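Before any comments, here is the structure.
Every number in this text was worked out from the coordinates using simple rules, so none of it is lab data. Remember, predicted model here, so these are calculated numbers, not experimental data. Reconstructed Cβ throughout: ideal geometry from the backbone, glycine too, with neighbour counts over all protein chains shown.
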There are 2 protein chains.
Amino acid sequence: MENHEHRLDLAFTALADPTRRAIVARLCRGDATVGELAQPFQIGLPTLLKHIHVLQRGGLIASAKTGRVRTCSLTPAGLRSTDDWLRAHIASWDSRLDRLETHLSRIARDRSQDD
Amino acid sequence: MENHEHRLDLAFTALADPTRRAIVARLCRGDATVGELAQPFQIGLPTLLKHIHVLQRGGLIASAKTGRVRTCSLTPAGLRSTDDWLRAHIASWDSRLDRLETHLSRIARDRSQDD
DNA sequence: TGCATACTTCGCCACATGGAAAACCATGAG
DNA sequence: CTCATGGTTTTCCATGTGGCGAAGTATGCA
């Protein structure tokens, strides 16, 4: 079984490219075929195919082929897992700040009592 | 001024490495010097320095040197900007699903009225 | 059967990345 | 001044990435 950390690597890596983020943004508005995804960008199909594979490895999208067209769709769980990591650490930072504040205010209170 | 999209590239790229995410996680619990950050990992200082630079380019951390020690600290705005992108698109996906659901239920209702 | 369509794979290239070793500052302690 | 300490820079290497063109594969239509 693949490590959970490694999954995050692949997800963040997938999101680190503007073309791939645009693909994700596009798929938020509905499924699309490979050809439809390629249209807005000035890149060749082979390149776009690689982007799609990177997004799949990162668990952000899924795709299935019917006939000769491949339809891609968003996998919201992929976005959520990266978001979970971020929110957890933002929360961690915030709570640390809170502890620091209460600590400082307690010191201030104690000192004012010393006067 | 650097493009906003490019900023996201750098931020996501910075988070795409497990060592760098560990550094961010460490800094959530308080500032640390370069040496302190290096300790938990089995990597050389030069490599860690590069990671620090990548994190700085991504706007995730800041660092200042006093004497011969450099102290690194988290820049929460960096985490927030990436989180903003994710949450916006997760929301976009959710609202699209909602529209789809209401649309389907409306069709179902209309059809039941046809009976 | 023939042919266009829609991907897909296959090299190939230029460049970025993660890693280490070694040599190089700069500062604080004696 | 001398030297250990804490970073920093330089150089190098193996691997990965984004891009392309060309060729290959598999449908679907006529």
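Numbers at a glance
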{"item": "Order of A:19, B:75, A:47 under a 10 Å beta carbon neighbour criterion, fewest first", "result": "A:47, A:19, B:75"}
{"item": "Relative contact order for region B:1-62, counting Cα pairs under 8 Å that sit 6 or more residues apart, in percent", "result": "50"}
{"item": "Cα convex hull of the protein assembly as shown - mean projected area over all directions, nm²", "result": "22.0"}
{"item": "Computed [θ] at 222 nm, deg cm²/dmol, the protein assembly as shown (DSSP H ≥ 4; -39,500 (n - 2.57); rounded to nearest 500)", "result": "-23000 deg cm²/dmol"}
{"item": "Average beta-carbon neighbours from other chains, 10 Å sphere, peptide A:24-33", "result": "3"}
{"item": "Inter-copy separations for residue A:45, label at 7 Å along Cα-Cβ, nm, ascending", "result": "5.4"}
{"item": "Per-residue mean of C-beta atoms belonging to partner chains within 10 Å, peptide B:14-21", "result": "5"}
{"item": "Point-charge dipole on Cβ atoms (K/R +1, D/E -1) for the protein assembly as shown, about Cα centre, debye to 20", "result": "560"}
{"item": "Overall Cα dimensions of region A:33-76, principal axis frame, Å, largest first", "result": "26, 24, 15"}
{"item": "Within 10 Å of each Cβ in B:91-99, the average number of Cβ atoms from other chains", "result": "3"}
{"item": "Candidate lysines - alpha carbon under 22 Å from residue A:50, same-chain residues fewer than 8 apart omitted", "result": "A:65"}
{"item": "Chain A: relative contact order as a whole-number percent, Cα under 8 Å and 6+ apart", "result": "26"}
{"item": "For residue A:102, label point 7 Å along C-beta direction: distances to other copies, nm", "result": "4.2"}
{"item": "Size of electric dipole in chain B: Cβ of Lys, Arg +1 and of Asp, Glu -1, about Cα centre, debye, nearest 20", "result": "680"}
{"item": "Most positive-pole-ward Cα, A:45, B:76, B:6, against dipole of the protein assembly as shown from beta carbon charges", "result": "A:45"}
{"item": "Label distances, nm, residue A:6 versus same residue in remaining copies, Cβ-directed 7 Å point", "result": "3.4"}
{"item": "Semi-axis lengths, Å, region B:4-114, gyration tensor of Cα atoms, sqrt of 5 times eigenvalues", "result": "46, 12, 11"}
{"item": "FRET efficiency, 1/(1 + (r/R0)^6) with R0 45 Å, evaluated for residue A:4 and residue A:42 via beta carbons", "result": "0.80"}
{"item": "Rounded to the nearest 20 debye, dipole of region A:1-59 from Cβ charges on Lys, Arg, Asp, Glu", "result": "160"}
